[in-house]
Amino acid sequence: MRIALATVVLLSLLQTSVHAQMWADAEWLYFARLSGSNVPVISGPNGFSTDNDGSGSGYRLSIGGHIGDFEIDASFLNIEGLSSSSTGTLTSALSFDTEANNAIVFNGGANGTAPANTLAISSALFRAATYAGAGDNETLEAEFLLPGATVALQSYTDVRSGEINFGTNRNLRPWRLGVGYRTWIVTDGTSSLISGTFDALDADDAQTVGGGTNDANDGLSHAALTSAGYGLVAGGADGFDAIAVGGPDTLRIFDSGYARNELHGAQLTGAYQLFPLEWLTLEVIGRAGLYYNNVQGSVLEQLAGSVNDDSIYQRAFSGKKSAASFVGTLGFRGLFPITDYISVIAGYEAIFMGGVALGSKQFEGISTTPLGAEYYDPRSSNHLILHGGNLGLQITW
């Protein structure tokens, strides 16, 4: 809103001058992302990681004018749907437990061979599966999903930006310099959904009933789940049962991380026309700026049972912080005149963002105090790279 108001006022002043020349651009953008933040979700023989690549389209609208030695320009950029997704099936079991218990339980047969897959993100399931409370001693059992569980991963990034710049007249010399104000809003999210048949077996003999002494509670108890930080949001307070006792239970494990960055700062612009010709003007453009970043982040983990048990447990964290960020852009664009007042725009641009928060990294923000209480601090030391092409029209008057 502030950029739009300043643009209207300043360009209105330019319009009142008979010596001013104005232009307006409309561009279609197609960009891809390279976040460098692919995070393992599952470790083991069927490992899965978040895929934070992907591509999407958007637009950029610009308007500007120059008079004498100087010019002013403003633009708005919007890119949505930079997304990716993947699916798969775990041919080995997914264990929530310790390596010692896994080595006994996953030694062949229907449970799957060792080693089993394990959750690589900061999940409270491990704490629940290693709970040693009276009457609900989960350390005597191994809790897991049977082989055949399915995995679905999704991630997305949306980018918006507004800017207003003041600098030298691009028509008077091959180079130009400028300074301006710019704001960015970058939202990024990632999620995983793992769905499979839950079971629990004694860690000493890999059985639940029969063939020895039956241990513990034959499942993952309500006490173990709440002790690990989960809250019951629906269904009965009875946890999840082993197959031989009350099952089978289909257990869905949903994890998501979300981050929103709101950047405000100043940027410098430098550009140079490589070879201005009658039929082509090719310009290299670079921008760099330092920003104050208002970061918001959140994490959600949900366990949902079905078929036999419809209990839903979840834990959630959210937080805010301030951070310093850097954004640099580098690209080139060509102007191809088709009339005296209309030109075709085509080019390429890369955007580097440092010191931003990404959804896939937010699970790293969960920590535990010496007294065992969990807390969350949004992670904002990541980087994001966007690059792609643009195609559009420029009108001058």
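Being modelled with pLDDT under 90, open to solvent by 70 Å² or more (accessible area, probe 1.4 Å) and not β-branched (Val, Ile, Thr) is a property that does not hold for Leu14.
Checked against (1) modelled with pLDDT under 95; (2) open to solvent by 40 Å² or more (accessible area, probe 1.4 Å), Gln296 passes all but condition (1).
Would region 306-315 turn up any residue that is outside any strand (DSSP E or B), open to solvent by 50 Å² or more (accessible area, probe 1.4 Å) and either touching a Cys at 6+ places or on another chain (Cβ under 6 Å) or within 23 Å of Gly388 (Cβ to Cβ) (or both)? No, region 306-315 contains no residue that is outside any strand (DSSP E or B), open to solvent by 50 Å² or more (accessible area, probe 1.4 Å) and either touching a Cys at 6+ places or on another chain (Cβ under 6 Å) or within 23 Å of Gly388 (Cβ to Cβ) (or both).
A residue that is open to solvent by 20 Å² or more (accessible area, probe 1.4 Å), in a loop (DSSP other than H, G, I, E, B) and hydrophobic (A, V, I, L, M, F, W, C) can be found somewhere in region 372-389. Residues in region 372-392 that are over 30 Å from Glu283 (Cα atoms) and aliphatic (A, V, I, L, M): Ala373 only. Annotation: Leu268 fulfils all but one of (1) free of Cβ contacts under 8 Å to residues at least 40 places away in the same chain; (2) surrounded by 15 or more Cβ atoms within 10 Å (Cβ to Cβ); (3) among the hydrophobic types (A, V, I, L, M, F, W, C); the unmet one is (1). Of the candidates Tyr313, Tyr292, the single residue that is within 30 Å of Tyr272 (Cα to Cα) and among the hydroxyl-bearing types (Ser, Thr, Tyr) is Tyr292. Checked against the criterion of being free of Cβ contacts under 8 Å to residues at least 24 places away in the same chain and surrounded by fewer than 15 Cβ atoms within 10 Å (Cβ to Cβ), region 347-360 contains not a single residue that satisfies it.
Exactly one residue out of Leu330, Leu290, Leu277 is open to solvent by 10 Å² or more (accessible area, probe 1.4 Å) and either β-branched (Val, Ile, Thr) or not in a strand (DSSP E or B) (or both), and it is Leu277.
Which of the residues that make up region 40-74 are outside any strand (DSSP E or B) and buried (at least 21 other Cβ atoms within 10 Å of the Cβ)? Listed by number, the residues that qualify are Thr50, Asn52.
Does at least one position in region 233-254 carry a residue that is within 30 Å of Glu71 (Cα to Cα), assigned to a strand (DSSP E or B) and touching a residue at least 24 places away in the same chain (Cβ under 8 Å)? No.
The values are calculated or read from the model by the stated rules, or taken from the named source; none is laboratory data. Bear in mind the structure is a predicted one, so any value in this text is a computation, not a measurement. Note that we place each Cβ from the backbone using ideal geometry, even for glycine, and neighbour counts take in every protein chain shown. To get the accessible areas, we keep the full protein, side chains included, count just its heavy atoms, and leave off ligands, DNA and RNA. Shrake-Rupley method; radii C 1.70, N 1.55, O 1.52, S 1.80 Å.
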